[in-house]
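Rule-based calculations on the coordinates, nothing more; no lab input. In this text the structure is predicted, and so the values were computed from the model without any measurement. Heads up, the Cβs are rebuilt from the backbone with ideal geometry, glycines too, and the neighbour counts pull from every protein chain shown.
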Amino acid sequence: MGENPETLRRDILHWLSDNVPESRLQHVLRVEQMAIALAKDHSLDTHKAAQAGLMHDLAKYFKPQLLLEMARREGLPLDPVDELTPHLLHAEVGAIVARDQFGVQDSEVLEAIANHTLGRPGMSALSCVVFLADSLEPGRGNTPALNILRHTSRQNLQRAVWMSCDDSIKHLTASRRLIHPRVLLTRNWFLQQTSPSRSAHEACRLLSHPNSAQRP
């Protein structure tokens with residue numbers, strides 16, 4: 001991209017203000033800030049983290065038919081769950097918008113945008129940062145379980161990813177909603193990268209029983 005980063009950020013914010021409600025814009029800004037903080041914690045490129053965080057929800061409010069049309073035009077593989085819940089495609093379509101509307105060419109930034117909702121087995125540390133920032137930014141709440149995940153994300157990105165997937169799967173199952181197979185694949189891949197340890201099992205226990213976080 002040849003555009004000055006500050007000018008690009010201003011252009012993105014202007015576009016977002018025209019295409020998403022104010023509440024979503026505030027979420028985006030919180031994700032941007034948390035992505036920067038996590039990138040610092042893990043010695044990653046904060047500029048890339050900020051860009052991906054700022055652009056992660058570009059397609060959030062696209063109509064279902066438009067999401068499907070853009071995904072098919074791009075040749076993206078579609079799972080039956082995508083067909084039934086096209087909203088899940090907003091992450092990958094958002095990466096297309098970032099590329100075509102704003103000239104983003106950095107593959108790592110584009111992948112972080114595309115992976116922020118469902119994750120992906122083997123995704124980069126930058127993708128992990130944006131994936132986690134989206135679900136853990138302060139506006140999501142202040143429950144014991146979320147705070148455990150936030151703490152874990154600052155210590156170990158891989159562990160935080162599979163724990164976050166576990167949490168999502170639990171909520172989707174409880175509400176009898178479809179679970180995209182990529183969430184399961186992401187969870188399994190990152191779980192396998194984290195060697196079994198007492199702390200990992202303890203984290204699972206705390207997520208399942210958040211009140212136990214208060215115990216000695």
For this session: Could you pull out the residue among Gly119, Gly139 that is surrounded by 24 or more Cβ atoms within 10 Å (Cβ to Cβ) and either in contact with a Lys or Arg (Cβ under 8 Å, 6 or more places away or on another chain) or among the hydroxyl-bearing types (Ser, Thr, Tyr) (or both)?
Result: Gly119
Problem set entry | Pair list, Cβ under 8 Å, 6 or more apart: segment 4-29 residue touching a residue at least 40 places away in the same chain (Cβ under 8 Å) and in a helix (DSSP H, G or I), other residue surrounded by 12 or more Cβ atoms within 10 Å (Cβ to Cβ) and hydroxyl-bearing (Ser, Thr, Tyr) | Asn19/Tyr61
For this session: Please identify the pairs in which a residue from segment 71-87 that is within 15 Å of Pro181 (Cα to Cα) has its Cβ atom under 7 Å from the Cβ atom of a residue that is assigned to a loop (DSSP other than H, G, I, E, B), counting only partners at least 6 apart or on another chain.
Result: Asp79/His180; Val81/Leu178; Val81/His180; Leu84/Leu178; Thr85/Leu178
Exercise. If you scan segment 169-185, which residues turn out to be closer than 24 Å to Arg30 by Cα and in contact with a helix residue (DSSP H, G or I) (Cβ under 6 Å, 6 or more places away or on another chain)?
Worked result: Val183
Problem set entry | Selected residue [among the hydrophobic types (A, V, I, L, M, F, W, C) and buried (at least 20 other Cβ atoms within 10 Å of the Cβ)] from Val81, Val161 | Val161
